[in-house]
Amino acid sequence: MDWISYLQNHQIVLLFIIITLGFMLGRIKVFGISLESSGILFVAILFGHYGFTLNNDFQTFGLVLFIYAIGLQAGPSIFNISKKGSMKYYLLILILLGTGALLTIVLSRWMNVDMNIAIGIFAGAMTSTPGLAAAQESTHSVLSSTGYGVVYPIGVIGVIILIRLLPIVFKVKIKDEEEQVRRLQEKNRKKVITRCALITNREINGKSLIELNFEKITGTVISRIMHKDEVIIPGDDRKLYINDVVRLVGSEKKIKTAIPFLGHETDMQITETARFESRKFVITNPKIVGKKISDLNLRAYYNANITRIRRGGMEFTAEPNQVLSWGDRLRVAGDGTQMDKIGKLFGDELSKLQQGDIFSIILGILVGILAGLIPFSIGKVVSFNLGITGGILLAGLFLSNRGKVGPIIWQVPMSIINFMRELGVTFFLAVVGVKAGSQVLQTIGQEGIKLLVFGAIITLVPMIVMVLIARFKYKILLIELVGLISGGMTSTPGLASAMEITTSQKPLIVYATVYPVAMLLMMIFIKILALFS
């Protein structure tokens, strides 16, 4: 059997062979560094070099899934940036990628490098697969994937080396910064107190907490009621009676206002009857999304604490300033009698995360494709449209941020988003790699050293610029900065290196915060660079 002819005539078989071999290559570690999904690109380049081709429809299909998944992932938080107190992070990511884009323009002219290759080098030096996707759609040239493949390893290695060198260069003791973060968290923790009140107000006698709209009106919570020597954990339908003793939880100011409404303060104490329990919950309550853990005051209100957070396949220790996202899986430990209430607070409707509406995904992608076809113009000089990547990305962002329109739920469970993103990128990389394979060795042979130098500059200079501004202007701690670098460069190996130099969860949290924004900005800068090609 002529295997070459067979594979060329059976595109599905060829596609899956390339993807399988690519994953095998991507999982090989050398000095702790692996290519991960980019291994598919290098295997595909090899197949392309020997004359194989793949149908463009595979690339389009993969691109559509990949870009829409990115929009879905970033949408719920991207339009609430200012509320999360992370503007300085996003500004630094803008400086990082903006510097890289500016250098790309300057160096391409100075070093006489074709802009299509330069755009690919920019994406590879920043280790950004979304950037490569945008480059392919913007340039329609295999040279961009060639540039990406040549310098990608430099980008990966450059991030890791810089992260390792930072503590030495700035002479920072990581333990001191970890302690500084701990003290800052304690300082920012909102002070909540408890007081006991004796009910003497006959106007509320026999009325339930829901009838009184107690929590909303007073801004406090009744965590316990002692009724005729019986300690009760109140629900919304619990009624208050004269001579009941209640335990109030809230700020000192709110409690001072609430006590006269009930009666008067008392020195009597309510005996604690709690049993310890640890339980998992999932956030499906929109009112909780965007709040900090410290804002919830679980310890004061429910005698419980969030201990761990699992998000998008990553698990990290819960910290007071950590912002909660839709679909976060939380480990809560504390008073077992309060767990049902905590479940209602978080939503905890697991079915919302386990089921994905395929119709809403297909419809959302279709909306994005149509949006990408709409022409825009600036005066009579510039006319453009968003294209497939821009339209689908915009649709994913807005629809997932909106959450629901009528009967259609646009938000998609994170497990499905991750699957869409990974499936899409494997198809995409396989095709662009095969296309690049016909030219990559020739390009390396002619301009290899020049392209490697180009890539090294694009990788290192923007990171150094961002590091200097972050340290000297914004006084950002090193354990934050390493997460900022790995997130801004969308580098998982960089994150792994960052987590090795500290026991703090700060790098992981910062990485998760800036990663979606970095992907979006990278795609925007690629679109801008394409205007110079």
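Read-outs throughout are calculated quantities, based only on the coordinates presented, and are distinct from any laboratory measurement. All of these numbers come straight from a predicted model, not from anything done at the bench. In this analysis, Cβ positions are derived from the backbone assuming ideal geometry, glycine residues included, and neighbour counts consider all displayed protein chains.
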Subject >> Bridge type composition, the chain - antiparallel percent by DSSP, nearest 5 >> reply: 100
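So if R0 is 45 Å, what FRET efficiency would Q269 and K88 give, r being the distance between their Cβ atoms, rounded to the nearest 0.05?
0.50
Using a Cα distance threshold of under 16 Å, what count of lysine pairs results for region 193-265 when pairs must be 8 or more residues apart or interchain? Don't skip to the answer; put the middle values down first.
Numbers: K207/K216; K207/K239; K216/K253; K216/K254; K216/K256; K228/K239.
Step by step, the pairs that qualify in region 193-265 add up to 6.
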Original post:
Which part of region 478-518 falls in the paramagnetic zone of L165, meaning amide N under 20 Å from the point 7 Å along Cα-to-beta-carbon?
Top reply: 478-502
Subject >> Computed over the chain: relative contact order in percent, which uses C-alpha pairs under 8 Å that are six or more apart >> reply: 28
**OP:** Among L521, L212, rank each residue by its count of other Cβ atoms within 10 Å, from fewest to most, as a rough exposure measure.
**Re:** L212, L521
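For the chain, state the semi-axes of the equivalent ellipsoid (square roots of 5 times the eigenvalues of the alpha-carbon gyration tensor), sorted largest first and rounded to whole angstrom.
52, 26, 21
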Original post:
Any idea which of I154, G75, T200 is furthest toward the positive side of the dipole for the chain, if Lys and Arg beta-carbons carry +1 and Asp and Glu beta-carbons -1?
Top reply: T200
Subject >> Estimated FRET transfer efficiency (M111, L423; beta-carbon r; R0 35 Å; 0.05) >> reply: 0.40
Original post:
Which chymotrypsin sites (Phe, Trp or Tyr not before Pro) does region 43-72 hold that lie in a coil by DSSP with at most 11 other beta carbons within 10 Å?
Top reply: Y50
Subject >> Contour excess over end-to-end distance, with Cα ends at I362 and K291 and 0.36 nm allotted per residue >> reply: 22.5 nm
Original post:
What ranking of H227, H10 emerges when the number of other C-beta atoms within 10 Å of each C-beta is taken as an exposure proxy, fewest first?
Top reply: H10, H227
**OP:** Within 10 Å of each residue's Cβ, count the other Cβ atoms and sort T200, T218 from fewest upward.
**Re:** T200, T218
Original post:
Between F532 and I174, what FRET efficiency follows from the Cβ-Cβ distance if R0 is 60 Å, with the result rounded to 0.05?
Top reply: 0.90
Original post:
Past the 21 Å Cα-Cα mark, which pairs from K291/K341; K171/K475; K88/K506; K292/K506; K88/K527?
Top reply: K88/K527
Original post:
What ranking do 133-145, 332-344, 249-261 get when scored by the average of other Cβ atoms within 10 Å per residue, highest first?
Top reply: 133-145, 332-344, 249-261
Subject >> Prolate/oblate/rounded label for region 422-512 (Cα gyration tensor, a/c 1.5) >> reply: oblate
Original post:
From the square roots a ≥ b ≥ c of the eigenvalues of the alpha-carbon gyration tensor of region 193-265, which class results: rounded (a/c under 1.5), prolate (a/b over b/c), or oblate?
Top reply: rounded
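Dipole size in debye (nearest 20) for the chain around its Cα centre, Lys and Arg Cβ +1, Asp and Glu Cβ -1?
1420
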Original post:
In whole Å, how far is the Cα centre of region 2-33 from that of region 516-532?
Top reply: 29
**OP:** Counting helices only, and only those DSSP H runs with n ≥ 4, report the 222 nm mean residue ellipticity of the chain as the sum of -39,500 (n - 2.57) divided by its residues, in deg cm²/dmol to the nearest 500.
**Re:** -19500 deg cm²/dmol
Original post:
If the cut-off is 17 Å between C-alpha atoms, which aspartates and glutamates fall inside it for K435, apart from same-chain ones fewer than 8 positions away?
Top reply: D57, E137
